[in-house]
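Heads up, the thing below is written out as structure tokens.
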């Protein structure tokens, strides 16, 4: 298991933690943005983070690790590899989270749901809703980072590897906007000036 300091150091080395003024997918504005894809492009770091998540569940029986596309795909794979089990992912089609690509779960499968970053927990909740319709047992939930400030709540045990607090504001109350700090929407090349 890593120390929190070690993970933060890896995040800084790989550019996961970005500082500035960002529009989050929720529409809120924030002074930091976490792009876990930056660390997951390095197989050694990705494998070590997967081992870290697996270590949180070492006393549980798990048959399958499931992650939502896109952020949860690699996390699911490396965690499953560390546990020695299968990895599958869900994806949205027509606005609904689904199992596609001939992925199947068998009755009685014990499933761990994983994600890269949990902010509101929306994607994870969609995965849970999908899985609850099947005859399986959800063992729990993990993420590399919980940046919800403790606000994400699930009906199953949630064990993040790291918790990071990020200041965020409703767009109309954003302190950064008031200061005229240029704003970026992650995942796009557009910079907005307010």
Cβ-derived FRET efficiency at R0 25 Å, residue 132 paired with residue 92, nearest 0.05: 0.90
Cα gyration tensor, the stretch 9-113 - rounded (a/c under 1.5), prolate or oblate: oblate
FRET efficiency estimate (nearest 0.05) - Cβ-Cβ, residue 172 to residue 102, R0 45 angstrom: 0.50
Most mobile listed residue (142, 123, 76) in the chain, GNM with C-alpha springs under 10 Å: 123
Extended-chain gain in nm, criterion 0.36 nm per residue less alpha-carbon gap, residue 19 and residue 37: 4.9 nm
Ranked packing of 16-23, 147-154, most packed first, by mean Cβ within 10 Å: 16-23, 147-154
The chain: relative contact order as a whole-number percent, Cα under 8 Å and 6+ apart: 21 percent
DSSP beta bridge pairing in the chain, given as percent antiparallel to the nearest 5: 35 percent
Helical mean residue ellipticity (222 nm; -39500 (n - 2.57) per DSSP H run of 4+; nearest 500) of the chain: -8500 deg cm²/dmol
R0 of 35 Å, Cβ-Cβ distance residue 5-residue 154: FRET efficiency to nearest 0.05: 0.85
Residue 165 versus residue 58: modelled label distance in nm, points set 7 Å from Cα along the beta carbon direction: 3.1 nm
Descending principal axes extents, the chain, alpha-carbon based, whole Å: 54, 38, 27
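No lab work stands behind these numbers, since they all come straight from the coordinates. Computed from a prediction, not measured in an experiment: that's the story for all the values here. Ideal geometry is used to build each Cβ from the backbone, glycine not excepted, and the neighbour counts take in all protein chains shown.
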